[in-house]
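Structure first, commentary second.
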Amino acid sequence: MTRTLIIGVDSGTQSTKALVVDAESGKVLGSASQTYDLIPRLPAGAKEQHPKTWVAATKENIRKALKQARAKPGEVKAIGVSGQQHGFVPLDAEGKVIRPAKLWCDTSTAAECDEITQKLGGLEATIQSIGNAVLPGFTAPKILWLKNHEPENFKRLAAVLLPHDYLNFWLTGEKVMEYGDASGTALLDVKTRQWSKSVLDSIDSNLESKLPPLISSDRPAGRLQASTAKALGLDTAVLVSAGGGDNMMGAIGTGNTRPGVITASFGTSGTIYACADKPVIDPQGEIAAFCDSTNQWLPLLCTMNVTVATEMVRQDFGMNHEKFTATAAKAPAGSGGLLLLPYLEGERTPNVPDGTGVFFGVNTRNFTAQHFARAAMEGVTLGMNYGLRRLTELGVKPTQIRATGGGAKSKLWRQIMADVFNAEVVTVKVSEGAAYGAALQALCCWRREKGENISIQEITDQFVHLNKAETTRPNPKRVPIYQELQALQDQLSLKLRDTFVAHRQLLTQQKM
């Protein structure tokens, strides 16, 4: 019996994952993942990768997942790609990568953010213009950085793509960008879903000619080009959906396709986002007013340091994941006053690009592996809660939070989430939310291309299911402990801002 199979790919900062999904049942039949690193020994704040790394990992993982699913070439009907947001992939006129991609976690563009914001008339005028502040993580300042710091490379620039766009380009040979991922560039007016001429002109008068066509998220990016089809062992008839940023695809993969649901992703970075039927504009610019990949909007907060902090502590103490969690569980809630300010190499929410990590409150009683392990979990969750509170101030009220990512797999961490957020925390049965969301979007796109009138909401209603056994509710005795720690973390963050700037200058001088 011939099956109908869909492939979902999630190309992230530390790894790429591929899933083969049965279009009838939604069951994952095959999966594969591969880890990789960033380019080492770059200046402070610079975070870069070679796009060829993503291509190699995507190709290998798709082939492995197909083999595990025992798939025949003709069974695969569509592919969807999720990718890390905001990365800048510069291509020349021949479609060749000019230099490594600067990533979402690159904080070396603070000066370019200020330059663009000043040209637009300040923060308030910038937010009025595009709905967002211009932050170091976004794509726009990276383009200006290339112009300011590598003018010869900028002269060669013919096309600006995001990481998932580049993988779509490899798959199809077509350069396109969908609204959701485009809204994270700070080049798009999220209210009108059009490029902002004022922002483009603040960078370069010819920039618009280098941007790909914008497409709706329910439209295909194209079909497999012959060379890629051959490399994957698939047919050229395979449809490639628009895809999207990892947060937009994670929203689909967790069923966050209607107003009222909130997703919290605990991965390398931390994101909390909701579905909204109209733009949610933060006048302070701390909450990102993104478009989503269902033709609605995705108000989002992002912290840059989550599992990167817990992994740092775990590895330094030489523990595997099970021992790390068991060790952290031995410490009391609040870690005996040990508090992590998790801005390891800069932070986005709050906007502290020069920030660094701080363990505060160290004493002879809490200088233990168990206290440091739990403090890492608590510190990054409190960091995310900073943004969640801002989201609620803008009218997005959480009653239930759907947790995804590596952190959501830990029972202890889910309890810490519930206690810090003071809300019910649940998980979904397919834990790889972004890759699964990419597959579901591709399925919806394929069915619509066949003439079927179906919405992404109908798809997620059918295929996204909660793990009821993992439902976690706040412990009323611990909620006030974390409220006090939250106040301390907020105070510490504010008091160290000038110190962070001086410390970054010291690091920069030492690199010279």
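The values are calculated or read from the model by the stated rules, or taken from the named source; none is laboratory data. In this text the structure is predicted, and so the values were computed from the model without any measurement. Note that each Cβ is placed from the backbone with ideal geometry, even for glycine, and that neighbours are counted across all protein chains shown. Just so you know, the surface numbers come from the protein's heavy atoms only, side chains and all, with ligands and any DNA or RNA stripped out. Shrake-Rupley method; radii C 1.70, N 1.55, O 1.52, S 1.80 Å.
Being touching a residue at least 12 places away in the same chain (Cβ under 8 Å), open to solvent by 40 Å² or more (accessible area, probe 1.4 Å) and farther than 21 Å from GLY383 by Cβ is a description that applies to THR399. Across the stretch 504-512, not a single residue is classified as among the β-branched types (Val, Ile, Thr), assigned to a helix (DSSP H, G or I) and closer than 18 Å to ALA333 by Cα. Within the stretch 466-487, residues that are free of Cβ contacts under 8 Å to residues at least 60 places away in the same chain have Cβ atoms under 7 Å from residues that are open to solvent by 60 Å² or more (accessible area, probe 1.4 Å) in these pairs: ASN467/LYS429; PRO474/ASN422, counting only partners at least 6 apart in sequence or on another chain. The condition (being closer than 30 Å to PRO43 by Cβ and not β-branched (Val, Ile, Thr)) is satisfied by just one residue among PHE324, PHE360: PHE360. Output yes when any residue across the stretch 47-60 is surrounded by fewer than 24 Cβ atoms within 10 Å (Cβ to Cβ), of a type in the set (Val, Ile, Thr) and within 25 Å of the chain's Cα centre (by Cα), and no when none is. Yes: one or more hits. Annotation for the stretch 111-127: no member residue is at negative phi, crowded, with 23+ Cβ neighbours inside 10 Å and basic (Lys, Arg).
Among residues that are touching a strand residue (DSSP E or B) at 6+ places or on another chain (Cβ under 6 Å) and not in a helix (DSSP H, G or I), ILE401 is included.
Among the residues of the stretch 130-158, those that are modelled with pLDDT of 95 or more, open to solvent by 10 Å² or more (accessible area, probe 1.4 Å) and touching a strand residue (DSSP E or B) at 6+ places or on another chain (Cβ under 9 Å) comprise TRP145, ASN153, PHE154, ARG156, ALA158. Sort out for me the strands (runs of 3 or more DSSP E) sitting completely within the stretch 253-311 that have 1 or more residues that are closer than 26 Å to ASN467 by Cα. Once the strands (runs of 3 or more DSSP E) in the stretch 253-311 are filtered for at least 1 residues that are closer than 26 Å to ASN467 by Cα, what remains is 262-266, 270-274, 297-303.
One line per residue, one yes/no per condition, for (1) at positive phi; (2) of a type in the set (Val, Ile, Thr):
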{"site": "GLY318", "(1), (2)": "yes, no"}
{"site": "THR325", "(1), (2)": "no, yes"}
{"site": "SER335", "(1), (2)": "yes, no"}
{"site": "LEU340", "(1), (2)": "no, no"}
{"site": "THR349", "(1), (2)": "no, yes"}
{"site": "GLY355", "(1), (2)": "no, no"}
{"site": "PHE367", "(1), (2)": "no, no"}
{"site": "ALA375", "(1), (2)": "no, no"}
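Being of a type outside the set (Ser, Thr, Tyr), surrounded by 17 or more Cβ atoms within 10 Å (Cβ to Cβ) and either free of Cβ contacts under 8 Å to residues at least 60 places away in the same chain or within 18 Å of ALA237 (Cα to Cα) (or both) is not true of GLY12.
Of all residues in the stretch 168-196, exactly one satisfies the criterion of being assigned to a strand (DSSP E or B), farther than 19 Å from ALA251 by Cβ and in contact with an Asp or Glu (Cβ under 8 Å, 6 or more places away or on another chain), namely TRP195.
Let's see how each residue does on (1) surrounded by 15 or more Cβ atoms within 10 Å (Cβ to Cβ); (2) among the hydrophobic types (A, V, I, L, M, F, W, C); (3) touching a residue at least 60 places away in the same chain (Cβ under 8 Å); (4) on the phi < 0 side of the Ramachandran plot:
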| position | (1), (2), (3), (4) |
| --- | --- |
| GLU432 | yes, no, yes, yes |
| ARG448 | yes, no, yes, yes |
| GLY451 | no, no, no, no |
| ILE456 | yes, yes, yes, yes |
| THR460 | yes, no, yes, yes |
| PHE463 | yes, yes, yes, yes |
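For the stretch 267-279, the condition of being within 13 Å of the chain's Cα centre (by Cα), open to solvent by 20 Å² or more (accessible area, probe 1.4 Å) and among the β-branched types (Val, Ile, Thr) holds for at least one residue. You will find that of GLY355, GLY433, GLY383, the residue that is at pLDDT below 90 and either touching an Asp or Glu at 6+ places or on another chain (Cβ under 9 Å) or within 23 Å of ILE262 (Cα to Cα) (or both) is GLY433 and no other. Within the stretch 28-46, the set of residues being within 22 Å of the chain's Cα centre (by Cα), under 22 Å from ALA439 (Cα atoms) and open to solvent by less than 30 Å² (accessible area, probe 1.4 Å) comprises ALA32 only.
Those residues that are aliphatic (A, V, I, L, M), surrounded by 18 or more Cβ atoms within 10 Å (Cβ to Cβ) and either over 25 Å from the mean Cα position of the chain (by Cα) or farther than 12 Å from VAL176 by Cβ (or both), I need them from the stretch 190-228; list them, please. Passing the criteria: VAL190, VAL199, LEU200, ILE203, LEU207, LEU224.
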